[in-house]
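The values are calculated or read from the model by the stated rules, or taken from the named source; none is laboratory data. Owing to the predicted nature of the structure, the values given are computational and were not obtained by experimental measurement. Reconstructed Cβ throughout: ideal geometry from the backbone, glycine too, with neighbour counts over all protein chains shown. Calculation scope for accessible area: heavy atoms of the full protein, side chains included, ligands and nucleic acids excluded. Shrake-Rupley method; radii C 1.70, N 1.55, O 1.52, S 1.80 Å.
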Number of protein chains: 2
Amino acid sequence: MKLEKLVGDRFKERPADCVIDSHALMMRGGYIKHVANGIYSSYTIMHRIARKIEEIIRQEMDAIDGQEVLFPVVMPASLLEESGRYESIGKELLRFTDRNDSPMLLGMTHEEAAVQLVREYGNTYAKYPFMIYQIQTKFRDEARPRGGLIRVREFTMKDAYSYHTSQEDLETYYAKAHSAYERIYARVGVPEVVSFASDPGMMGGKIAHEFMLLTPIGEDSLVICRDCDYRANMETAACIIKNDSPTSPEELKKVHTPGTKTIEDVCKFLKLPLEQSCKAVIYQKAKTGEYVIIFIRGDLEVNEAKLGNILQEELHPAVVTPESGLNAGYLGPVGLKNAVAYFDTSLKGLNNLCCGANEENYHYTGLQIERDFGAAEYHDFAKAIENGICPDCGKSSLSLSRGIEVGNIFQLGDKYTKSMDMKYTDDSGALHHPLMGCYGIGVGRLAAAVCEAHHDDYGPIWPMSIAPWQVHLCCVRANDPEAKAWADKLYSELQAGGTEVIYDDRPVSAGVMFSDADLLGVPIRVIVSPRNMKENVCEVVTRTKSVSEKVEIAQVAAFVQKLKTEMLNS
Amino acid sequence: MKLEKLVGDRFKERPADCVIDSHALMMRGGYIKHVANGIYSSYTIMHRIARKIEEIIRQEMDAIDGQEVLFPVVMPASLLEESGRYESIGKELLRFTDRNDSPMLLGMTHEEAAVQLVREYGNTYAKYPFMIYQIQTKFRDEARPRGGLIRVREFTMKDAYSYHTSQEDLETYYAKAHSAYERIYARVGVPEVVSFASDPGMMGGKIAHEFMLLTPIGEDSLVICRDCDYRANMETAACIIKNDSPTSPEELKKVHTPGTKTIEDVCKFLKLPLEQSCKAVIYQKAKTGEYVIIFIRGDLEVNEAKLGNILQEELHPAVVTPESGLNAGYLGPVGLKNAVAYFDTSLKGLNNLCCGANEENYHYTGLQIERDFGAAEYHDFAKAIENGICPDCGKSSLSLSRGIEVGNIFQLGDKYTKSMDMKYTDDSGALHHPLMGCYGIGVGRLAAAVCEAHHDDYGPIWPMSIAPWQVHLCCVRANDPEAKAWADKLYSELQAGGTEVIYDDRPVSAGVMFSDADLLGVPIRVIVSPRNMKENVCEVVTRTKSVSEKVEIAQVAAFVQKLKTEMLNS
């Protein structure tokens, strides 16, 4: 199509509210329009990219025997009451009533609808395994939408659901889906995406993986071993601490440490390294308000995801009131009252620690936990650290990264089939609940992630496979009849050859033309100009600058076609 | 794909709750699954049909320079407050609040989002005309969903919005869109769909058309002239009555008509034709409760859509209380109190009418309105009638039909651009509000309408263009190795040739196989069987039975390919 006709404005200035580059470039290039917090409309250019990503996902889902279906956006509350999630999911599930006061909700994931669709169909083992998927609008009422299409409230998502009669079959299919996901990321231009074991959270089940694009702007903290294949989301990563053999134990001694409320202040005051301190981190149980104190080595942080999983309790950072009987800033294990204490494994085997004395302006030195506190319950509560010990290879080679989650897969087991009473008869006539897997990819976020991975200061650099157009044809000085006639002819030729062309024949300067082309990020640019015409050539330049050639006019269409094919297959 | 693997159940019995055939067949064939009132999931078979319809619509929208975009399903209330529709639309607009108590709604049509998307872009006349469209999920909280996919609450719709700088340009584009719609209906297999002038209703604007598939199960009443091109929706159709020259006037005379509360009873009692009676129909103004009586010839009905438009007042059928001072059942123009009276043009020039005497058990005969009531206000309030007078050609050739609305187009004018303050600068620097058109088609309803138009007792008969698959390959007695090997080979050959094949090689009887095939409604059926193998042939049968041939095995793939192409182009 002609660029002149393309609906959407482009501009130079980075909008002040755009923190990340993909958001800024999508605003500047006329890709998306803000409608409400976390809700966007897509202009044609964005919609073309999204449809190409959807088609790649569709092909890969079909290749692993997926059948595309469509679930509703609006569902009755009763459907999620069957699984118990109507109660258990928080405010991100948008609930409302319809004109008849029936409670309804907006689908943010469709496990229940997926079970409802096949509950009768899947009544005998002979039908298994099978997989259904949809590409559909979802709504998740996020508290803090951010980063343009990275974290929105309304989004298009592919969600797939597989059904199995054995754990082995589920695992086999899960591995196939994992490979399909790897092919999807490779095909959309981010083969560097890697998977991490993750916490299934509200989805249920035990085994889950997240696919991550590593980037400093990512929301997720990731732990990766430089020496082996170990990879984990910070939420689930183990923290292994090997303390040196202890020094000879000293006596427990109360010392006056005026005004030293943080562990850093105390250690500085006492001239001790942080590693020789026992830090207290206070939580409260959400249900009862009871205080829970985690003691941990002063240089480490508590991993709250692991904490919740280990204690099987919902906890939040404590509000310490005067009535609590707790001396915030001076909490320590010795003489502790009004709270339950747990210890991180980082403190195991240490002695001569400093810690709070449960008395304002006083700490202890010389702490040895078993001697001075008694029998302690130790768990791995700590966040993994840079250069920490890898749980797989044992080397001190852990590295911390950030990543954008661009897909996740879950082995759900029988969580939904059991609660929603889906059953099949096996070959002996016995009834069982099938096992399920589920597999999600957000389309818009994936597009934004590709943009994060592939852009420069001037615009996105779209891979050929998902680019809004394949060729950007610029006719510089379209008021020159010869150049215009030739550009028109090339436009027709390229389109006739099945190439998607955006054609800029506006009467604007080459500067405006090229900066607009940069914002569109189309992989191949062809420049027709009176100056080139004199040499009987066109310039063919890729957005990455990997190719920049003057090609004889008669050869341009064939050259571009070949280049396009190479770039599609690379 | 293999039919064995197709998710969804098929069954023989017509479900008791299915009133219309398309609903029954879509349930019986495993096309859709009921999730909640007016909300369905689609199985693969339905989704394939929907995607083909969408692709046809997309091509035709692109052909009239449409640019595909995507608006949100969930929108902030503030957007519809700008146009005033947040207040003016009734309960079918689903309103709710998000986690921050912000008022939101589910999009049932996207005029406001369409203006918001291009309000800045369309700031100069040089950008016009342009058209944007989307294919997106909509939600309309219908009071009475019915007929499977015919009237649902959640549905996929293509909605398009065009922008113009003059009424002339809008009309030119409107005509182009009208033609595109005709091509869409022809391509999906219902070229018989025709357009009717309609009432724009809550959409605003003056000119609108509905596209109708004529069918007895339709919800809409339509008026069509048998002799000329006149077509109108009953809501807007004129009712022209030419009364015979009046008989010599009699005196107004009160008669005792005990227990005759309806006009039929009175006429029977008085031995008068209904055409010689003046019937009273009572309404109340929604705002004030004031009574409005429409007097109309006894054989005619009031058209409430015309009534509201003519009086520019929201009215509802009256609740007549004892305090009203009205004598329900005996209302007439003479001596009428406590109500405003209007007269239908059908009464004009008549004399010797019977009418209520505003007194229980009494009527008048000999009524002549001007003589006995005074100056009367006449309007065309009546519903058009079978064999009524055509307003275009004047012949008594009107015919009443029913139809399913399968699309509508509107000239919106500046209703939305004015209320939402979208402006462009013309070539002299003056500011104007652009004019808009909008163009909608529901995908699921169109599929259901095609099914209504093309089915038999055994299943749908899908046109090749939107059929879920193009060829249904049946291997009867798949336990015969030769037949099976040959069917497998044909399956591969057809697929390699780009044909979409559903392959049934289940170990079931030919009866089960063929009744399943009937429910799938695939246009070409190829039957491989041991008996056919002996003759070295396959049977090739179309779902319509227009073709039924034995084709030599070696020729089958080529024969089917040719037949498919013919059917696609027919």
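Annotations for the structure displayed:
- When we screen B:Arg153, B:Arg226 for residues that are within 30 Å of B:Thr345 (Cβ to Cβ) and either of a type in the set (D, E, K, R) or out of contact with any Phe, Trp or Tyr (no Cβ under 6 Å at 6 or more places or on another chain) (or both), the only hit is B:Arg226.
To keep it simple, each residue is scored yes or no on (1) small (Gly, Ala, Ser); (2) over 26 Å from B:Lys138 (Cβ atoms); (3) at pLDDT 95 or above.
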| position | (1), (2), (3) |
| --- | --- |
| A:Gly30 | yes, no, yes |
| A:Pro72 | no, no, yes |
| A:Ala77 | yes, no, yes |
| A:Glu82 | no, yes, yes |
| A:Leu93 | no, no, yes |
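- A:His178 being at pLDDT below 95, open to solvent by 30 Å² or more (accessible area, probe 1.4 Å) and farther than 25 Å from A:Pro76 by Cβ: no
- Number of positions in the stretch B:1-25 that are within 7 Å of chain A (Cβ to nearest Cβ), surrounded by fewer than 20 Cβ atoms within 10 Å (Cβ to Cβ) and of a type outside the set (A, V, I, L, M): 2
- Filtered residue count, the stretch A:103-122, keeping only those that are more than 7 Å from every other protein chain (Cβ to nearest Cβ) and part of a loop (DSSP other than H, G, I, E, B): 6
- Sub-6 Å Cβ pairs linking a first residue in the stretch B:404-429 that is without any contact (Cβ under 8 Å) to a residue 40 or more places away in the chain to a second residue that is open to solvent by 50 Å² or more (accessible area, probe 1.4 Å), at least 6 apart or interchain, are B:Asp414/B:His433; B:Lys418/B:His433, ordered by first then second residue.
- Looking across the stretch A:366-425, the residues that are in contact with a strand residue (DSSP E or B) (Cβ under 8 Å, 6 or more places away or on another chain) and of a type in the set (S, T, N, Q) come down to A:Gln368, A:Asn387, A:Ser396, A:Ser397, A:Ser399, A:Ser401, A:Asn408, A:Gln411, A:Thr417, A:Thr425.
- Failed item in (1) surrounded by 21 or more Cβ atoms within 10 Å (Cβ to Cβ); (2) more than 30 Å from B:Pro191 (Cβ to Cβ), with B:Arg477 passing the rest: (1)
- Meets criteria (in contact with a strand residue (DSSP E or B) (Cβ under 7 Å, 6 or more places away or on another chain) and modelled with pLDDT under 95) for A:Glu87: no
- Identity of the residue in the stretch B:26-44, more than 9 Å from chain A (Cβ to nearest Cβ) and not hydroxyl-bearing (Ser, Thr, Tyr), that ends up nearest to the chain's Cα centre (by Cα): B:Gly38
- Spans of strands (runs of 3 or more DSSP E) in the stretch A:314-366 with at least 1 residues over 21 Å from A:Glu264 (Cβ atoms) and within 41 Å of the chain's Cα centre (by Cα): A:315-317, A:340-344
- Conditions (1) touching a residue at least 40 places away in the same chain (Cβ under 8 Å); (2) open to solvent by 20 Å² or more (accessible area, probe 1.4 Å); (3) at the interface with another protein chain (Cβ under 8 Å from one of its Cβ atoms); number of the one not met by A:Leu149: (3)
- Any hit, the stretch A:354-375, residues being open to solvent by less than 50 Å² (accessible area, probe 1.4 Å) and over 21 Å from A:Val255 (Cβ atoms): yes
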